[in-house]
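Engineer: Pasting in a structure now, in structure tokens, and then I'll have a few things to ask.
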Amino acid sequence: MDDGVRTSDPARRIMIVDDDRGIRRVYAFFLASEGYTVIEAEDGMDALNQLAESQCDVVVTDMCMPRMGGLELIKALREQGYNGWIIVITAHGTPDTREQAMDCGADRYITKPFPFEELEECVRVAF
């Protein structure tokens, strides 16, 4: 019987990296409700520290964050051999920033505002 409750699949782990706790919580709630296990990081440095301890399949990152922004995080992850998907979300999207993100190794680029279904579709493609 389908009671509408989705349980998270620990094999489908997503990290949300954003310095805005409210944004992280919204994305985490949305993706967890779709059955993903979600971990959160407040910036690129926090993400790298957490990923050193525990891997994930998809990283969803903001571009502009203190200490280490999204582009620096993408470069560091790719240099370390991370082969999971990286999705960049930004409110400051331009063709130049999109090209920079993709050149650094991002797999998808989303400009705010966006419907949550767009993020979920990008994550679904990653799996």
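Engineer: Could you list all residues from region 13-49 that are surrounded by fewer than 18 Cβ atoms within 10 Å (Cβ to Cβ) and in a helix (DSSP H, G or I)?
Structural biologist: Residues satisfying the conditions are 21, 22, 23, 25, 26, 29, 30, 32, 33, 45, 49.
Engineer: Six or more apart or on different chains, Cβ under 7 Å: which pairs go from a residue in region 102-127 that's at positive phi to one that's surrounded by 13 or more Cβ atoms within 10 Å (Cβ to Cβ) and at pLDDT below 95? Could you list them?
Structural biologist: Here the result reads none, with nothing in region 102-127 linked to a residue that is surrounded by 13 or more Cβ atoms within 10 Å (Cβ to Cβ) and at pLDDT below 95.
Engineer: Give me the pairs, please: first residue somewhere in region 35-53 and over 15 Å from residue 67 (Cα atoms), second residue anywhere and part of a helix (DSSP H, G or I) and among the charged types (D, E, K, R), beta-carbon distance under 7 Å, and either six or more positions apart or on two chains.
Structural biologist: Short answer, once both residue conditions are applied: 40/24.
The values are calculated or read from the model by the stated rules, or taken from the named source; none is laboratory data. Small disclaimer: the values here were computed from a predicted structure and weren't measured. Neighbour counts run over all protein chains shown; Cβ positions are idealised from the backbone, glycine included.
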